[in-house]
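Only the coordinates and a few stated rules stand behind these numbers; no lab work does. Only a predicted model underlies this, so the values are computations on that prediction, with no experimental measurement involved. Ideal geometry is used to build each Cβ from the backbone, glycine not excepted, and the neighbour counts take in all protein chains shown.
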Amino acid sequence: MSKILSEVLDANAVYAESFGDKANLALPPARQFAILTCMDARLDPAKYAGLSEGDAHVIRNAGGRASDDAIRSLVISHKLLGTQEWFVIHHTDCGMALFTDDIIRGLLRKSLDTAEIGAEGWKDVGHGPGATEGDFIDWLTFPDETSSVIVDVARVRNHPLVPSYIPIHGYVYDVKSGRLIEVPEATKIGAASP
Ligand SMILES: [Zn+2]
């Protein structure tokens, strides 16, 4: 068993010991909201947004992007599970600003192993072969986290499966302070209309 696997299973055993009332939680989120945010390990939505088990949906992917799959989850979140208010939260120092489609496609063509970033950019240090399948993926990178929040709130707002009465709040999480900073243009675009 790997070290990580045994650590995770040990932590889970401790968690389950005091599971208590959580056995009775309902499936639909009690506080009726959803957050779309980045998978970055420094972000803990339960902590930065004050969530307990059963409170809210948290949808995460690289960048917190409003991909087709993120929208799939948001639509299920509202249509079947009753959330009424959504957040799109990107963050400072996001890894998605450190590469482009061309860069990751080129790296993957050479090797599937973890690449390294240095003063001259990304470099493959692993073994081949790589694969060209990365050429067919839109990696949804972005140059900065403010413009990406605006783009993503607008995409969700304008999606035909998203009702106009759901407010969509656009925020950037600051990894240096833990604060949520509003992106006013995004919130304006995401405002609900009756
Ligand atoms: Zn990120």
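Descriptive notes on the structure:
- A cut-off of 5 Å between modelled amide H atoms, ignoring neighbours fewer than 5 places along the same chain, links Glu85 with Ala34.
- Across region 156-172, rounded Karplus estimates of 3J(HN,Hα) from the backbone phi angles (6.51 cos²θ - 1.76 cosθ + 1.60, θ = phi - 60°) give 5, 4, 8, 6, x, 9, 10, x, 6, 7, 8, x, 10, 9, x, 9, 10 Hz, Gly and Pro being marked x.
- ³J(HN,Hα), Karplus 6.51/-1.76/1.60, whole Hz, each residue of region 74-82, x for Gly, Pro: 5, 5, 4, 4, 8, 5, 10, 10, x
- Whole-number percent relative contact order across the chain, with pairs defined as alpha carbons under 8 Å at least 6 apart: 19
- Considering only beta bridges that DSSP places wholly inside region 54-194, some 50 percent are antiparallel.
- Charge dipole (Cα centre; +1 on Lys/Arg Cβ, -1 on Asp/Glu Cβ; no other charges) of the chain amounts to roughly 460 debye.
- Here region 138-188 is treated with +1 on each Lys and Arg Cβ and -1 on each Asp and Glu Cβ, and its dipole about the Cα centre works out to around 180 debye.
- Euclidean distance between Cα centres, region 1-70 to region 138-187, Å: 20
- Computed helical MRE - 222 nm, the chain, DSSP H runs ≥ 4 contributing -39500 (n - 2.57), nearest 500: -9500 deg cm²/dmol
- Mean Cβ count within 10 Å, highest first, over the residues of peptides 6-15, 136-145: 136-145, 6-15
- Placed amide H near His91: partners under 5 Å, 5+ positions off or other chain: Tyr173
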